[in-house]
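In what follows, a single structure is set out as structure tokens and then discussed.
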Amino acid sequence: MKVGAMYTALAIQGYLCNRERIMIPVSTIVKAQDDIRPYVLRSPLVIAQSLSSAERQVRMKLESLQPIAAFKIRGAVNAVMQLSTEQLQRGVVCASTGNHGRALAYAAQLFGCHATICMSSLVPDNKLMAIEALGAEVRIHGKSQDEAQQLVDRLVSDEGLSEIPPFDHADIIAGQGTIGLEIIEDWPEVDTILVPLSGGGLLSGIAQAVKSFKKDIRVLGISPQRGAAMAASLQAGKETEVEELATLADSLGGGIGTNNQFTFSMTQALADKVVLLTEPQIAAGMRHLFWQERLVSEGAAAVGAALLIDPDLELRYSSLIGRNVALIISGQNIDMQQFMQVISDGYD
Ligand SMILES: *Cc1c(COP(=O)(O)O)cnc(C)c1O
């Protein structure tokens, strides 16, 4: 077959257009690093003595030290910075009540832009107030996340607001990818990165950044067993919805969307493995980070440590986990009452 004909055949199958939108170029991540530098902490990569041994050094990237206490500020600041003056004047909107909602509120405030965060009436008051405290307008609509999203869609079409979604957006992925650039700069010898995985913006950005410079580095995604939408989607070969279940790693809940543009195909191409954890394993990771490393981490942030301290998991994935392992301590937004319970009572 001639190249031209092959191209047409592939284009008809949708292959080329998929290929075209599959990856965020690393140059976009490098540009994001420059753009967000004045607004985001270049977080430290510190040795985790309690997880290291003669055979392995483990270091932790402390994204929990960011303003808003989670890495999501990187993507949100980058995405807001790329908007035109006119878009900034109209404002931004999203339906996230968690770390992305906070990050977008924070980023919008930095640039004098109005942020509207839509949520359902079931969202607890403390989350609502945390977002209002960052200067955003909270709009309550319906009794589910889907209904809150309907309001987002309406504000986009009727009032021209720009929607900044939590993960499946080129500027969000590029912003999160700056974590990967910093890890490689600080520790060129790193051979494995353990990344909490939900929608996949964090993993896609980091993996694309580090693998562009060091092809054989391994990137493992880690999710809770409860509600692991990305893992189910990878297994099915297409976006798959799963029942949303409560988990200690609440920042890792939620689906990947039914029309995913970037993070599904990027995770498919770039994750060397996706590992699922039980609730007791996640709790053990949080306890370890607190008692051994003196760190407060939310469930999502403790999954890397949870994998390493579990002898069965550590053995099962030992061929993938090398000598120089970086963990992403992704955030510390957890209700302190709940945290105290996890670290004191134990969890079973
Ligand atoms: C959002 C989030 C993640 C997962 O990021 P994705 O891009 O959705 O995969 C992990 N940890 C914390 C603390 C988060 O807020």
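The values are calculated or read from the model by the stated rules, or taken from the named source; none is laboratory data. Keep in mind it's a predicted model, so treat the numbers as computed, not measured. Glycine gets a Cβ as well: all are built from the backbone with ideal geometry, and neighbour counts include every protein chain shown. Keep in mind that these areas ignore ligands, DNA and RNA; they rest on the heavy atoms of the full protein, side chains included. Shrake-Rupley method; radii C 1.70, N 1.55, O 1.52, S 1.80 Å.
Observations, loosely collected:
- The stretch between E243 and E185, if pulled fully straight at 0.36 nm per residue, gains 16.9 nm over its current Cα-Cα span.
- Directionally averaged projected area (region 107-188, Cα convex hull): 7.1 nm².
- Share of pairwise Cα separations in region 217-348, more than 26 Å, in percent: 23
- Of D125, D310, D335, the order by accessible heavy-atom surface (1.4 Å probe, DNA, RNA and ligands excluded), from most exposed downward, is D125, D335, D310.
- In the assembled protein chains, M336 presents an accessible area of approximately 100 Å² (probe radius 1.4 Å).
- Of G237, G199, G299, the one that fluctuates the most in a GNM where the chain has Cα springs shorter than 10 Å: G237
- When only the Cβ of Lys, Arg, Asp and Glu is charged (+1, +1, -1, -1), the dipole of the chain relative to its Cα centre reaches about 900 debye.
- In the full protein context, the chain carries 45 Å² of accessible surface per residue, based on a 1.4 Å probe and ignoring ligands, DNA and RNA.
- Part-to-part distance (alpha-carbon centres) for region 278-334 and region 75-92, which is given in Å: 35
- Split the accessible area of region 121-232 by element, probe 1.4 Å, and carbon with sulfur accounts for 49%.
- For the chain, the share of DSSP beta bridges that are antiparallel, to the nearest 5, is 10%.
- With 20 Å bins beginning at zero, the pair-distance distribution over Cα atoms of the chain amounts to 31, 59, 10, 0 %.
- Checking the cross-link pairs K61/K214; K72/K238; K211/K238; K61/K238 against a 21 Å limit on the alpha carbon distance flags K72/K238; K211/K238; K61/K238 as lying beyond it.
- Portion, in percent, of the accessible area of region 19-80 that falls on carbon or sulfur, probe 1.4 Å: 54
- In terms of accessible area, using a 1.4 Å probe and ignoring ligands and nucleic acids, W187, W291 rank largest first as W291, W187.
- The helix-only estimate of mean residue ellipticity at 222 nm for the chain, built from DSSP H runs of length n ≥ 4 each weighted as -39500 (n - 2.57), is -14000 deg cm²/dmol after division by the residue total.
- Rounded accessible area of L122 (nearest 10 Å², 1.4 Å probe): 120
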